[in-house]
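The values are calculated or read from the model by the stated rules, or taken from the named source; none is laboratory data. This structure is a prediction, so every number in the text was calculated from the model and none was measured. Note: ideal-geometry Cβ built from the backbone for every residue, glycine included; neighbour counts use all protein chains shown. Just the protein is used for accessible areas: all its heavy atoms, side chains included, with ligands, DNA and RNA removed. Shrake-Rupley method; radii C 1.70, N 1.55, O 1.52, S 1.80 Å.
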Amino acid sequence: MSNIQETIRSGKLPQHIAIIMDGNGRWAQQQGHERTFGHKNGVEAVRSIIEGAGELGIKYLTLYAFSTENWNRPKEEIEMLMGLLIQSIHNELEKLIKNHVRLMMTGRLSDLPESCQNALQDAIDRTAFNDGLTVVLALSYSGRTELTDAVRAIAQKSANGEITPSEITPETISNHLYHNEIPDPDILIRTGGDYRISNFLLWEIAYSELFFSPIMWPDFRKENLFDIIYDFQHRERRFGKTGEQVREQ
Ligand code: FPP
């Protein structure tokens, strides 16, 4: 284990890290390749980050792999990404199982092609009882859609007389999101040099520490993740309180 890993492990670890994996297309184009070449190379970054998060003992890692808006991309790119997902699951599943990784997804599974749904569901089922790192793939995910689905479910309960409007609290909303059992992210990372949230986990990142990296996703490695976690451990999270109040706790 490297020095920085030892140092991080002796500090307070984030429970949940969420990542917007951006920059695949530009990385490929900068080298005169098709955008899809960037996605293929992005898989190596995914592998490195899962490995690094697992080594540190992080509990949850959420990866934004495909947004609802990504359906508007060229058909060939979408097909390639779905194929890459199936192929990656196929190639990596045994290793994930061996490393006690549990795979989950967030988003609308039913939007995905059937072959993709089957591969994912099989991997989710076969890793369901693993107790190491949980990797959550956000696929056909949109933060606004997740909130809309929660509002619909709560409205339905209200119409059924199960809850009154005045009983609805922020906890009620949290409890109706896709995965209320997962703690909110402590860290949100976006690679690729842009400063946007792009409809990712809008409710859940209310108090996340934000990190924007200029590194394009295919070049991102666990060492870059460790640097970010080290910075995180030196930030003061006040959750609306004063610095003095937090330090007295
Ligand atoms: C954003 O880069 C990336 C994606 C839309 C896809 C992410 C997919 C992978 C990293 C590979 C497969 C994933 C798994 C989990 C096996 P972009 O194309 O928007 O880049 P750009 O901003 O440079 O155009």
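Odds and ends about this structure:
- Segment Ala155-His179, length gained on full extension (0.36 nm per residue, minus Cα span): 6.8 nm
- Take the Cα radius of gyration of the range 44-140 and divide it by 2.2 N^0.38 Å, N being the number of residues; the result is 1.05.
- Convex hull projection area averaged over all views, the range 115-207, Cα basis, nm²: 8.5
- Label-point separation, Glu44 to Tyr195 (7 Å along Cα→Cβ), nm: 3.1
- Per residue, the solvent-accessible area of the chain (1.4 Å probe, heavy atoms of protein chains only, all protein chains present) comes to 53 Å².
- In a simple Cβ point-charge model (Lys, Arg +1; Asp, Glu -1; nothing else charged), the chain has a dipole of about 220 debye relative to its Cα centre.
- Take every Cα pair under 8 Å whose residues are at least 6 apart in sequence, average their separation, divide by the length of the chain, and the relative contact order is 29 percent.
- Sorting 130-138, 201-209, 112-120 by their mean Cβ neighbour count within 10 Å, with the most densely packed peptide first, gives 130-138, 201-209, 112-120.
- Cα-based reach from Lys12 at 16 Å (exclusive), listing lysines while leaving out same-chain residues under 8 positions away: Lys59
- Segment Gln233-Leu202, extension gain: residue separation times 0.36 nm, minus the distance between their alpha carbons: 8.9 nm
- Paramagnetic reach from Glu6 (point 7 Å along Cα→Cβ, amide N under 18 Å) across the range 26-67: 55-57
- Spin-label model, Lys98 to Ser115: label points 7 Å out along the Cα-to-beta-carbon direction sit 2.7 nm apart.
- The chain, accessible surface, carbon-and-sulfur percent (1.4 angstrom probe): 50
- For the range 14-74 versus the range 116-195, the spacing of their alpha-carbon centroids is 20 Å.
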